[in-house]
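The values are calculated or read from the model by the stated rules, or taken from the named source; none is laboratory data. Not measured: the values here are computed from a predicted model. Note that we place each Cβ from the backbone using ideal geometry, even for glycine, and neighbour counts take in every protein chain shown. Quick note on the areas: whole protein, heavy atoms, side chains included, nothing else; ligands and nucleic acids left out. Shrake-Rupley method; radii C 1.70, N 1.55, O 1.52, S 1.80 Å.
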Amino acid sequence: DLKGDIAGARVGGRRWTARDVLVVGQIAVTIVLLVTAGLLVRSLLAASKADVGFPTDGLAIVSADTDMLRYTPERSQQYWSEVMRRIEAIPGVQRVALASRLPFSLNFNRSTIAVPGRQKSADEMGNSINSATVSPAYFETLGIGVLEGRAFTESDRPSDRRVAIVNE
């Protein structure tokens with residue numbers, strides 16, 4: 001019977017229609033999505049318990065991009081100074097710090113650094129490094145100690161000699 005073969009395939013004595021195939025496909029996709037959701041939840045739970053190298057209890061993050069507001073560098077400085085002043089005034093707040101990027105976030109701030117005596121030639125640019133700009137209280141706020149040298153201070157200004165802290 002050619003007509004019956006065209007309308008639906010027979011498997012095990014049962015005719016499979018397009019609707020049956022779609023239902024099986026939906027069930028397969030649902031199972032894949034449930035397994036993926038379960039793995040995601042498990043990963044999120046593991047990430048929330050991971051040791052990040054500094055205490056996370058009591059930390060709060062505030063994020064804004066003054067470049068998107070088209071603020072000048074001077075206006076951005078005023079804005080962040082006011083934000084810090086207001087947050088410090090909140091009862092229970094112990095420390096406030098600023099950073100150009102959060103720990104463990106993607107970093108598109110790349111710089112090159114040349115160490116005198118370590119370059120192969122005068123034309124060599126140096127090593128490319130990830131960089132972030134932070135306020136003086138950053139390491140203290142995160143509970144990260146500086147092993148050698150000093151932390152940033154209020155006297156460190158962009159117009160002065162540049163200061164860097166290298167992590168391990």
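Just a few scattered comments:
- Note on Met125 and Phe104: the extension gain reaches 4.9 nm, defined as 0.36 nm multiplied by sequence separation minus the Cα-Cα distance.
- Gyration tensor (alpha-carbon) shape descriptor, segment 18-109, a/c threshold 1.5: prolate
- D (Stokes-Einstein, µm²/s), Kirkwood Cα radius, the chain, 1.567 mPa s at 4 °C: 58
- Under the Karplus curve 6.51 cos²θ - 1.76 cosθ + 1.60, θ = phi - 60°, whole-Hz ³J(HN,Hα) for segment 154-163, x wherever Gly or Pro sits: 5, 7, 6, 10, x, 7, 7, 4, 5, 10
- Spread of Cα-to-Cα distances over 10 Å intervals beginning at zero, given as percent, for segment 31-79: 19, 23, 21, 26, 10, 1
- Per-residue extension of 0.36 nm, minus the Cα-Cα distance of Leu45 and Glu154, leaves a gain of 35.4 nm for this segment.
- Surface composition of segment 98-168: carbon plus sulfur atoms contribute 52% of the solvent-accessible area (1.4 Å probe, protein chains only, all chains present).
- For segment 124-168, convex hull of alpha carbons as volume per residue, Å³: 113
- Computed magnitude of the charge dipole of segment 6-154 (debye, nearest 20; Cβ of K, R +1, Cβ of D, E -1): 980
- Note on Ala37 and Thr17: the model spin-label points, each 7 Å out from Cα along the C-beta direction, lie 2.9 nm apart.
- Annotation: extensible slack from Val62 through Val24 equals 9.0 nm (criterion: 0.36 nm per residue apart, minus Cα-Cα distance).
- C-alpha center-to-center spacing [segment 19-67, segment 136-168] in angstrom: 34
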